[in-house]
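Heads up: the structure comes next, in structure tokens.
The values are calculated or read from the model by the stated rules, or taken from the named source; none is laboratory data. As the structure is a prediction and not an experimental result, all values here were calculated from the model. Cβ sites come from the backbone with ideal geometry, for glycine too, and all protein chains shown count toward neighbours.
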Amino acid sequence: MPCDVWVTSADVAACGVDPALYDAALVTDVLAAASAWTFRMSGQRWTGVCTSTERPCGCSCRCDQVCRCDSLCQCQTADTVALTYGPVVGTPTVTIDGAPFSMFAVIAPNMLARTDGHRWPSCQVYEQGPSEGWIVTYDHGVVPPVLAVMAAAEVASEMLRACAGDVCALPAGTVAVTRRGVSIDLDSDKAAAALPRVAMLLGSYPPRRSPPVVRDGSRGLITSGPV
């Protein structure tokens, strides 16, 4: 699933469909469903941008899942550590025991390196309070290109028409509405035949690549979700 919703009500309005004419909850579900479908059909290349907060493990040996050093581990701290997700977008916020820390650099896609000649802390205890230990908050992911957003908006506009029983370009039976949201069951060939922007997107980016998001690092994730 993408980190965030690619398409807005304004994008849908640009396709000639006024979201204000539809139930607000339905519009929200449709925007999310259209973004997820376009993300999947285009090869999961662009996740959007999420923000995550974690307590990384500075132990280079990474032998303890809870990042506690002991006699069996013989941990040696490191000056560079892999964050759980990447590519990192922008500059992370780093605190050590509640104090802001800025002597670091990001090495693509998700490595955090100290630049003051010292090493990162080790032996984190993940049950500590919200400001204790070494904490990193950062944005990560890949922003979809304009063509992908336009394709998702086209899908969303047709989904709204289908949900309202209006004439739409989607084949019958491809849109389902449940109490948990809206889903679309439409293969890429049928979508390309019915929707020109989707055809342009899938012609430019065939659905064959794996996601670009890096998932690495030692566990210590506190939160992760849309920006």
Residue check: is E158 touching a strand residue (DSSP E or B) at 6+ places or on another chain (Cβ under 9 Å) and charged (D, E, K, R)?
yes
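Scan G173, G225, G165, G217 and give me the residue that is closer than 21 Å to G16 by Cα, of a type outside the set (K, R) and modelled with pLDDT under 80. Walk me through it before giving the result.
Details: G173 fails: closer than 21 Å to G16 by Cα; G225 fails: closer than 21 Å to G16 by Cα; G217 fails: closer than 21 Å to G16 by Cα.
Going through G173, G225, G165, G217 in turn, just one is closer than 21 Å to G16 by Cα, of a type outside the set (K, R) and modelled with pLDDT under 80: G165.
Test T77 against the criterion of being modelled with pLDDT under 90 and surrounded by fewer than 20 Cβ atoms within 10 Å (Cβ to Cβ), and give yes or no. Even if it seems obvious, please write down each step before you answer.
On the way: modelled with pLDDT under 90: yes; surrounded by fewer than 20 Cβ atoms within 10 Å (Cβ to Cβ): yes.
Yes.
From the set of residues in the stretch 88-97 that are under 29 Å from G48 (Cα atoms) and surrounded by fewer than 17 Cβ atoms within 10 Å (Cβ to Cβ), which is nearest to the chain's Cα centre (by Cα)?
Restricting attention to the stretch 88-97, the residues satisfying the condition of being under 29 Å from G48 (Cα atoms) are 88-96.
In the following step, the residues that additionally are surrounded by fewer than 17 Cβ atoms within 10 Å (Cβ to Cβ) were identified as 90-91, 93, 95-96.
On the way: G90: 15, T91: 17, T93: 18, T95: 23, I96: 26 Å.
Ranking the qualifying residues of the stretch 88-97, first place goes to G90.
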